[in-house]
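**Q** Pasting a structure below so you can have a look.
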Amino acid sequence: MSVRHFLSLHDLNGDELRRIISRASELKAIQHRGDRHTPLPGKTLGMIFEKSSTRTRVSFEVGMAQLGGHALFLSPRDTQLGRGEPIEDTARVLSRMVDAVMIRTFAHTTLERFAAHSRVPVINGLSDDIHPCQLLADLQTYQEHRGDIRGRTVAWIGDGNNMCHSWINAAAQLDFKLRVACPEGYDPDARFVEAAAGHVEIVRDRLAAATDADLITTDVWASMGQEDEQAKRAAAFADYQVDATLMAKASKDAVFMHCLPAHRGEEVSAEVIDGPQSVVWDEAENRLHAQKALLEFLLDAYR
Ligand code: CP
Ligand code: NVA
């Protein structure tokens, strides 16, 4: 059987995606009851981080421990990757030792090159293009708070970045409508928009995007790797804050999500992220449960 990778949400079909999201809620209940569930004894996950992380690192490491396995943090600074060993050779070597590999990197092609030479599943822990693990948690969070997302309206406010691209992928796969409000010049990549035709609409007015929406979400204005553009982006996105005025336009039981880390007073006001409609802490916790469900699935350990 060929190895399954998770470089994008599109590596799963809609049914598999739904199954993993529901399984994540089951694993959460098991964990909250204090029961042990260890289907991955002796299994190891290698984790390559070329960018910083709090949630992704901790959730994968703790997730593997809870499943009975082990995770290994690999920084390019301390491995031969940082001294120029080719990604293909690293893939050949690591995949003879570990059972799965998670990579957080810049160019998405790094993940593809690694996966092409890996004998074991490769998981995208964020690339410049997409952040599919975050979407597993976000979709789980919506389902737990409000039920099926099919047919709902999600408003993405801000940069057409890796998180926005992942929401676009999810809209096509789970059949909901996504309104993206972004300033000109910061649109999501047309490749993603075209592939999700009929599910995505780009607008310039943040309030129009939010009107009657069931879920409002945003992300930082300058992603990792764009630190030099911080000031320019702060000016471009000045009219794109998620604040109480915007939330008032949304459906009255709309929830607010943010993948975190957040910048209060920039992309979101403190009043919203710390307010009653915000589900960001559940969303962050669900990274753990959703990734455990993903690991079970990819390592064929669902039982
Ligand atoms: N949301 C997210 O991926 O957080 P980290 O960058 O802390 O992993
Ligand atoms: N768009 C952000 C997400 C961080 C989790 C980034 O890439 O930095």
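We did not get these values from a lab; they are worked out from the coordinates using the rules stated. As the structure is a computational prediction, the values presented were derived from the model and not from experiment. Using ideal geometry, Cβ is built from the backbone for each residue, glycine included, and neighbour counts are taken over all protein chains shown.
**Q** Would region 71-119 count as rounded, prolate or oblate if I go by the C-alpha gyration tensor, calling it rounded below 1.5 in a/c and otherwise prolate when a/b exceeds b/c, oblate otherwise? Intermediate values should be presented prior to the final figure.
**A** Working: a/c = 1.30, a/b = 1.06, b/c = 1.22.
Since a/c stays below 1.5, the shape of region 71-119 is classed as rounded.
**Q** For residue 119 and residue 228 in the same chain, what is the full-extension length gain: residue separation times 0.36 nm, less their Cα-Cα distance, in nm?
**A** Details: separation 109, 0.36 × 109 = 39.24 nm, distance 3.75 nm.
Stretched fully, the residue 119-residue 228 segment lengthens by 35.5 nm.
**Q** Using unit Cβ charges (K, R positive; D, E negative) and no other charged atoms, how large, in debye to the nearest 20, is the dipole of region 139-200 about its Cα centre?
**A** Working: 6 positive and 8 negative charges, 52 e Å.
Roughly 240 debye for region 139-200.
**Q** Find how much the distance from residue 10 to residue 281 grows on full extension, using 0.36 nm per residue of separation minus their present alpha carbon separation; answer in nm with one decimal.
**A** Numbers: separation 271, 0.36 × 271 = 97.56 nm, distance 2.62 nm.
Net length gain for the segment: 94.9 nm.
**Q** Here's a follow-up. Can you put 130, 273 in order, fewest other beta carbons within 10 Å first? Could the numbers behind the result be given before it?
**A** On the way: 130 27, 273 21.
So the residues, fewest neighbours to most, are 273, 130.
**Q** How would the chain be classified by its alpha-carbon gyration tensor: rounded, prolate or oblate, with rounded meaning a/c under 1.5 and the a/b versus b/c comparison settling the rest?
**A** Working: a/c = 1.82, a/b = 1.40, b/c = 1.30.
Prolate is the answer for the chain, as a/c is 1.5 or above and a/b outweighs b/c.
**Q** Which residue, chosen from 111, 160, 59, occupies the Cα position most advanced towards the positive end of the dipole of region 52-173, where the dipole is computed from +1 (Lys, Arg) and -1 (Asp, Glu) charges on Cβ about the Cα centre?
**A** 59
**Q** In addition: Percent of Cα-Cα pairs per 5 Å bin, from 0 to the last occupied bin, for region 134-283, please list those.
**A** In whole percents, the pair-distance histogram is 2, 10, 22, 25, 23, 13, 5, 1, 0.
**Q** Between residue 93 and residue 2, what is the spin-label point distance in nm, taking each point 7 Å from the Cα along the Cα→C-beta axis?
**A** It is 2.8 nm.
**Q** Follow-up. Evaluate E = 1/(1 + (r/R0)^6) for residue 26 and residue 175, where r is the Cβ-Cβ distance and R0 equals 25 Å; express this FRET efficiency to the nearest 0.05. Before the final figure, lay out each step's value.
**A** Numbers: r = 23 Å, r/R0 = 0.92.
Efficiency, from the Cβ-Cβ distance: 0.60.
**Q** Taking the Cα centre of region 98-189 as the origin, how large is its charge dipole in debye, to the nearest 20, when only Lys and Arg (+1) and Asp and Glu (-1) carry charge on their Cβ atoms? Let's see the in-between values first.
**A** On the way: 8 positive and 12 negative charges, 50 e Å.
Magnitude of the dipole: close to 240 debye.
**Q** Could you size up the charge dipole of the chain around its Cα centre, putting +1 on the beta carbon of Lys and Arg and -1 on that of Asp and Glu, and report it in debye to the nearest 20?
**A** Details: 34 positive and 44 negative charges, 202 e Å.
Rounded to the nearest 20 debye, it is 960 debye.
**Q** Among 203, 45, 5, whose Cα sits farthest toward the positive end of the charge dipole of the chain (+1 at Cβ of Lys/Arg, -1 at Cβ of Asp/Glu, about the Cα centre)?
**A** Checked the options; the winner is 45.
**Q** Considering only Cα-Cα distances, which of the following residue pairs are longer than 24 Å: 51/232; 43/292; 232/252; 28/51? Intermediate results must be reported in sequence, preceding the final value.
**A** Numbers: 51/232 22 Å; 43/292 13 Å; 232/252 34 Å; 28/51 28 Å.
Over 24 Å apart, Cα to Cα: 232/252; 28/51.
**Q** How would you rank 73, 297, going from fewest to most other Cβ atoms within 10 Å of each one's own Cβ?
**A** Details: 73 15, 297 18.
Least to most surrounded, the residues fall as 73, 297.
**Q** Related question: Got a sec? How would 149, 168 order by Cβ neighbour count within 10 Å, fewest to most? It would help to have the intermediate numbers written out before the result.
**A** Numbers: 149 21, 168 26.
Ordered by Cβ neighbours within 10 Å, fewest first: 149, 168.
**Q** Towards the positive end of the charge dipole of region 134-283, with charges on Cβ (+1 Lys, Arg; -1 Asp, Glu), say which of 263, 149, 217 has the farthest Cα.
**A** Ranked along the dipole, the leading option is 149.
**Q** Sequence-distant or interchain residues sharing an amide H contact under 5 Å with residue 6, placed H: which?
**A** Long-range HN contacts for residue 6: 122, 123, 124.
**Q** Non-local amide H neighbours of residue 268 (under 5 Å, H modeled in plane, Pro and chain starts lacking H): which ones?
**A** Hits under the 5 Å cutoff: 242, 263.
**Q** While we're on this one: Rounded, prolate or oblate: which fits region 145-209, taking a ≥ b ≥ c as square roots of the Cα gyration tensor eigenvalues, rounded meaning a/c under 1.5, else prolate when a/b beats b/c?
**A** Numbers: a/c = 1.93, a/b = 1.34, b/c = 1.43.
Judged from the Cα gyration tensor, region 145-209 comes out oblate (a/c at least 1.5, b/c at or above a/b).
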